[in-house]
Each structure stands twice: as C-alpha cells, then as structure tokens.
Amino acid sequence: MSRKLFVASILFLIFCGQSILLAQSGTKKRRPLPYEYGRVVINNYSAKADLSPVVFEHWIHRSKFTCRVCHVDIGFAMKANGTDIKAIDNTQGYYCGTCHNGKTLADEKSGKAIFAACSKRVTAEDGRRCERCHSQGKKVASDYDFFHFAKPLPKENYGNGIDWEKSEELGLIKPVAHIDGVSSPRNPLALQKDFALNPKVEGMPDIIFSHKKHTVWNGCELCHPEIFTGVKKGTSHYTMVDISQGKSCGACHTNVAFPLTDCQRCHSKPVAAMR
C-alpha cells in the first residue's frame, strides 16, 4: 500500500469515527425511572479491589440532608467519581465515613445508627455490609423503599417524580443543614429577591430565578464562587448547550434536581403580548 493511500485511509477512518460520535450525540436518551434518577455509580478503586462498584442513591440522602452538607461541608465533588474516595478516607471519618460510622443516628425517632462504611479488618459479616454500598449487579436489601417513601409526598412529572421543594416547604421532609464538628457556624445573609433572566430565543418565557428556593438546599457556597463566579445578575454567561453539558445550572439540573425537560419550572414568566 502506498504512503498516500495509507494516509488517506487513516483520515477516512478518523472522519467516519467523528461522524458516528456526532450522530450519537443527537439521539434521544432513555429516561431514567423515578427510583433511578440521581443514581451515581462510583468505581474509582472498587474493580481494582475485586469489589462491585458503589451504587449511590441520591433520593435517600437528599431526603435526610441538604445538598450543602454533602457538597460543601463534607466536600463531595459534583461529578461522579470526581471525589476520589478511598476506603481509608471513610475509616478515618471523611466523605461517606462522616455519617457512615456505626454511631451517627439515621434519625432521632428510630434511634438506629447508620451502618459503618468501611473497616480496616474485613470479616464475613463485614463482607455483607460492604455489599450494601458495593451493590452494582447485586440484589441487596435496603432499609428504604422508594415507593413507600414517595407515596405521601407531592408529585411532579420529571426526575424522581417528587416535588422536593414543596415536600420541604410542607415539612414532610426535614433535611439536616448542619453536622456538629463538620459544618461551620453560619450567619444568615440577606436574601435576594427573585429576578428574571431573559432567554435568547424570541417568544420563550423569561426565567424566574429564586434565591430563596435554592438557598434552602444549597446555601450560597454551593453555587458561588465555583459554579457561578459572579454574584451580580448578568456577570455569568451561559447557554442551554452549556447547561446540558453539566455547566452552570446543569451542575444539578441534569442529574439530581428536576431535569431540563421540565422547561416551565424555570421558564415560568408569561411572554408579554407582542405589539
């Protein structure tokens, strides 16, 4: 084969590969079932240790803790496998081990302690406990049933099918916003008023952004300054493409908070009559 023909063949294969990738990016993805939404699979070191990857269910943890507790106070990254959690970290009380230590109560009413995440010495009993987290591909009994949990809560059409905002407002869930010895004392800041953001597409309803609704779960620190560097309206610039790629609003609203398919939750201000 001549050199020119060889180079041409390589370029053709590269072009075809790029075309396939571009074509795949425009397909409609399978919509997660309500109990799957927010699920994260963590596999930094599990496979290397001959363990199944960890399956983390956001809905269980979200029902008990605010997002700020886990992603600011404890320090979990906002992307799957971005935290680089090691078993030794958990045994020393970091990350999952902050609460999963065999001592912290799951709730005051039950008086039941949260199972410990990892152990330095592994027995047969520990092996069964390991599977409570390292559960991908396994049928592992859980202390929590999604359908039983969700039944009394207000509903919505997307994500988990649960209106988390309203559930918190009505006191049906009471997510913890402070962990002793982990969370820093916080003085409440003046709450900003709701404001409108103008979409770039003519005829699209304005976005009404509520700091009040977000600070209940996130405080200020989860969004500023890492996700949104500026704190003044108009300082940060982003597009729907950015958001769909997990940037800005998409850091939460593509995988845990209500998804982008629920357009009217954000684009909620009616369009003014055209003259």
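Can you compute the equivalent ellipsoid semi-axes for the range 46-94, i.e. the square root of 5 times each eigenvalue of the Cα gyration tensor, sorted largest first and rounded to whole Å?
In descending order the semi-axes read 21, 14, 10 Å.
Can you tell me the order of 170-179, 184-193 when each peptide is scored by its average per-residue count of other Cβ atoms within 10 angstrom, highest first?
Result, highest mean first: 170-179, 184-193.
Once the principal axes of the Cα atoms of the range 119-227 are found, what is the range along each, listed largest first in whole angstroms?
Principal-axis extents of the Cα atoms in the range 119-227, largest first: 61, 36, 30 Å.
Just the Cα atoms of the range 192-234, one point each, no solvent: what log10 I(q)/I(0) does Debye give at q = 0.17 Å⁻¹?
-0.55
If I take every Cα pair under 8 Å that is 6 or more residues apart in the chain, average their sequence separation and divide by the length, what percent do I get for the relative contact order?
Normalised by residue count, the contact order of the chain is 18 percent.
Using a Gaussian network model of the chain whose springs link C-alpha atoms within less than 10 Å, name the residue from ALA124, ALA196, ALA116 with the highest mean-square fluctuation.
Result: ALA124 has the largest fluctuation of those listed.
Would you please classify the overall shape of the range 132-192 from the alpha carbon gyration tensor, given that a ≥ b ≥ c denote the square roots of the eigenvalues, rounded means a/c under 1.5, and beyond that prolate means a/b larger than b/c while oblate covers the rest?
Oblate.
Give the long-range amide H neighbours of LYS269: residues separated by 5 or more places, or on another chain, with amide H under 5 Å away, using H modelled in the peptide plane at 1.01 Å from N.
Hits under the 5 Å cutoff: ASP206, ILE208.
On the first, second and third principal axes, largest extent first, how far apart are the outermost C-alpha atoms of the range 223-275 in Å?
For the range 223-275, the Cα extents along the three principal axes come out at 40, 26, 16 Å.
Kirkwood hydrodynamic radius (Cα pairs, Å) of the range 162-275?
Averaging 1/r across every pair of different Cα atoms and inverting gives 16.0 Å.
Separation of the range 29-68 and the range 76-121 by C-alpha centroid, Å?
Distance between centres, Cα-based: 14 Å.
Which order, highest average first, do 260-268, 215-223 follow once you tally other Cβ atoms within 10 Å for each residue and take the mean per peptide?
Most protected by this proxy first, the peptides run 215-223, 260-268.
Please give the FRET efficiency for SER110 paired with LYS139, using the beta carbon to beta carbon distance and R0 = 30 Å, rounded to the nearest 0.05.
Using R0 = 30 Å, I get an efficiency of 0.80.
Restricting attention to the range 38-78, which trypsin sites (Lys or Arg not before Pro) occupy a DSSP loop and are surrounded by at most 12 other Cβ atoms within 10 Å?
none
Report, in listed order, any pair from LYS174/LYS212; LYS79/LYS109; LYS28/LYS233; LYS166/LYS193; LYS155/LYS213 with a Cα-Cα distance greater than 24 Å.
Cα-Cα > 24 Å for LYS79/LYS109; LYS28/LYS233; rest within.
Answer rounded, prolate or oblate for the chain, using the Cα gyration tensor with square roots of eigenvalues a ≥ b ≥ c: rounded when a/c is under 1.5, else prolate when a/b is larger than b/c, else oblate.
The shape class here is oblate.
Which length gain, in nm to one decimal place, applies between ALA77 and ASN198 when the Cα-Cα distance is subtracted from 0.36 nm times their residue separation?
Additional length available on full extension: 40.6 nm.
May I ask you to derive the FRET efficiency for PHE147 and SER244 from their Cβ-Cβ distance with R0 = 41 Å, giving the value to the nearest 0.05?
Taking R0 as 41 Å, the efficiency between PHE147 and SER244 is 0.85.
Given 4 °C and 1.567 mPa s, compute D for the range 63-131 with the Stokes-Einstein relation, Rh being the Kirkwood radius over Cα pairs; round to the nearest whole µm²/s.
99 µm²/s
Computed from the coordinates by the stated procedures, all read-outs in this text should not be read as laboratory data. Because the structure is a prediction, the values reported are computed rather than measured. Quick reminder, even Gly has a Cβ in these numbers, built from the backbone with ideal geometry, and neighbours come from all protein chains shown.
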